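Heads up: the structure comes next, in structure tokens.
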Amino acid sequence: MKKRVPVSQIMTKNLVTLTTKDDLVKAEALFKKNNIRHIPVVSGSAIIGMLSYTDLMRISFADAIDEDEHDVDTMVYNMFSIEQVMVKDVVSVSPATTIKEVAQFLAEKEFHALPVVDQERLVGIVTTTDLINYLVEQY
């Protein structure tokens, strides 16, 4: 297995992002459309928070509601803003951080995605799925 490979080699670069002006209805649509579990919340090119699909599910009945009951979803989502639901104390890594360091960090923590930031500019996101795909490619 290769050593000292930077996380920039496996991170997702084509990011789906939100701003605090967006709403949770849009967030849910982006999660589902892009089949993702984490969306960075940005102000310009700087990350200010992270919204996970799990965060959204905590405040919603989305999984338990029929498609005909979309109005209930919207009503619940309109009670909260993205800023209220997102994680604000975001831990990030640099593009030069090694894949091994990222894997060790995620193994110790209770989250599954890290934004990749270069000079305060969001340049990517790395997830546990990215790590697993990288490991699979090694074998």
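Derivation of every value follows stated rules applied to the coordinates shown; laboratory data play no part. This structure is a prediction, so every number in the text was calculated from the model and none was measured. Here the Cβ is made from the backbone with ideal geometry for all residues, glycine too, and neighbour counts use every protein chain on show.
Using 0.36 nm per residue of separation minus the Cα-Cα distance, give me the extension gain between ASP23 and PHE80 in nm, one decimal.
Working: separation 57, 0.36 × 57 = 20.52 nm, distance 0.84 nm.
Using 0.36 nm per residue and subtracting the Cα-Cα distance, I get 19.7 nm.
As a proxy for reagent exposure, ILE99, ILE59 were ordered by neighbouring Cβ count within 10 angstrom, fewest first; the result is ILE59, ILE99. Note on the chain: Lys pairs 8 or more places apart or on different chains, Cα atoms under 27 Å apart, count 23.
Sort ASP118, ASP55 so the one with the fewest other Cβ atoms within 10 Å of its own Cβ comes first.
Details: ASP118 14, ASP55 20.
Least to most surrounded, the residues fall as ASP118, ASP55.
Look at the Cα gyration tensor of the stretch 7-56: its axes a ≥ b ≥ c give a/c of at least 1.5 with a/b at or below b/c, and that counts as oblate. Remark: the stretch 126-135, residue by residue, has Karplus-estimated 3J(HN,Hα) of 10, 10, 4, 5, 4, 5, 5, 4, 4, 4 Hz, where x stands for each Gly or Pro and the curve is 6.51 cos²θ - 1.76 cosθ + 1.60 at θ = phi - 60°.
Ranked by Cβ crowding within 10 angstrom, fewest neighbours first, how are LEU135, LEU122, LEU30, LEU24 ordered? Working shown, then result.
On the way: LEU135 13, LEU122 21, LEU30 17, LEU24 25.
Listing LEU135, LEU122, LEU30, LEU24 from fewest to most nearby Cβ atoms yields LEU135, LEU30, LEU122, LEU24.
Applying D = kT/(6 pi eta Rh) to the stretch 99-139, where Rh is the Kirkwood radius over alpha-carbon pairs, T corresponds to 20 °C and eta to 1.002 mPa s, the Stokes-Einstein value obtained is 196 µm²/s.
Would you mind giving the average projected area, over all directions, of the Cα convex hull of the chain in nm² with one decimal? Across all orientations, the chain yields a mean hull projection of 9.1 nm². Candidates GLN138, THR54, PHE31 compared by Cα position along the dipole of the stretch 7-138: farthest toward the positive end lies GLN138, with charges placed on Cβ.
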